[in-house]
Structure formats: C-alpha cells, structure tokens
Amino acid sequence: MSEHSDLVRVVDRAALIENILNQVIEDFCEPRKEPFMFFWNVILDSSIMPMGAKVKVAAAIAHELDFRLEQDALHKVMALRNAFAHHDTGSHPVISVGKTEDDSTVHYELQVLTNSGKLMRKRREDALSEFNAAFLAAKESLVALKSRIKGMRST
C-alpha cells in the first residue's frame, strides 16, 4: 500500500469517527426537524466545533449516561490523523547505512503530538497500525454510545 493511500485511509477513517461523533451529539440533543440542517451544517461543522470539542461533548454525554467512552482511542485517532495530514509522504526519512548497500534501509517517520503535549516520532507503518486499532476501538465505542442514546428514546 502506498503512502498516499495510507493518508487517504487515515483521513477518511478520521472523518468517519467525526461523523459518528456528530450523530452522537445530534441524537443526545434531539434537535427538531426544522433546525436540523442548521444544527448539522453550522453547529457541528468542523470549523465551528472541531473534532476535539466533539470528543469533549461526547465524553460529557457518556458521563451523563454512565457510559465508558474509549476516549484514549478517540484522542489517538485525532493525534495520528493530524500527523498523517500534516506530513508529506516523504517527510522525515530515516536512513540506516549498513556495511553494504543491501544492508542499508530507509523508512519514514511522523512526528505525533499527543493529547498530553508529548512529541513523539513513529514509523509511518507503526503509526498506521496504531491508527487502525484506535479507529476500530473508537468506532465501536461511539456506535455503542449512539445505541445507548437511541435506546433511551424507545423506553
């Protein structure tokens, strides 16, 4: 898989997590049909409410419902998405020179800024694996929270 398709996959999957966050917020707030488009297109637009703010809202909703939201996975999705989105696919090459040309290796790294402010360097391949695992955990947690909210309405 090329670095370009890795970037597309990471950005697309982060966008899906953000979309599910939007749905969780929308379901909890139950907007009337009339202001629905305003709510979705203005309030939940990422230029107004960035993904990090949506995670905080979803965490507050989860707290209200006594639901354990996988916040670490959500924060990892955001941190790794930002690292992929803001690094060219050829950024930060690391060259290990061996005794022969065949012993030499090259890999690319991303600089990842964590939620706690720590800056780390990760191999692109490792970052992609971590992103994929965090994506699955975040998605599962958000879908479960969304189901909990929908279940409240039917009781």
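The table below gives the values:
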{"item": "Nearest-ten-degree value, helix 51-64 long axis tilted from longest Cα axis of the chain", "result": "50 degrees"}
{"item": "Accessible area in the full protein assembly, largest first, 1.4 Å probe, for GLU70, GLU109, GLU30", "result": "GLU30, GLU70, GLU109"}
{"item": "Check: the chain dipole with +1 on Lys, Arg Cβ and -1 on Asp, Glu Cβ, in debye", "result": "520 debye"}
{"item": "Using alpha-carbon coordinates, inclination of helix 124-154 to the longest axis of the chain, degrees", "result": "10 degrees"}
{"item": "Potential lengthening between LYS99 and GLU64 on full extension [0.36 nm per residue; Cα-Cα distance subtracted]", "result": "6.6 nm"}
{"item": "Listed residue pairs exceeding 27 Å between alpha carbons, taken from LYS122/LYS150; LYS118/LYS150; LYS56/LYS118; LYS54/LYS118; LYS122/LYS146", "result": "LYS122/LYS150; LYS118/LYS150; LYS122/LYS146"}
{"item": "ASN41/GLU130 FRET efficiency (R0 22 Å; Cβ-Cβ; nearest 0.05)", "result": "0.10"}
{"item": "Residue among ASN19, PHE135, ALA79 farthest towards the positive dipole end of the chain, charges placed on Cβ", "result": "ASN19"}
{"item": "Binned Cα-Cα distances of region 91-131, short to long, each 10 Å bin given as a whole percent", "result": "27, 41, 23, 8, 0"}
{"item": "Most to least packed among 6-19, 90-103 [average Cβ atoms within 10 Å]", "result": "6-19, 90-103"}
{"item": "Packing-based ranking, highest mean first, of 130-143, 51-64 given that Cβ atoms within 10 Å are counted", "result": "130-143, 51-64"}
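The values are calculated or read from the model by the stated rules, or taken from the named source; none is laboratory data. Quantities reported herein were computed from a predicted structural model and do not represent experimental measurements. As a convention, Cβ positions derive from the backbone with ideal geometry for all residues, glycine included, and neighbour counts pool all protein chains shown. The accessibility values were calculated without ligands, DNA or RNA, using every heavy atom of the protein model including side chains. Shrake-Rupley method; radii C 1.70, N 1.55, O 1.52, S 1.80 Å.
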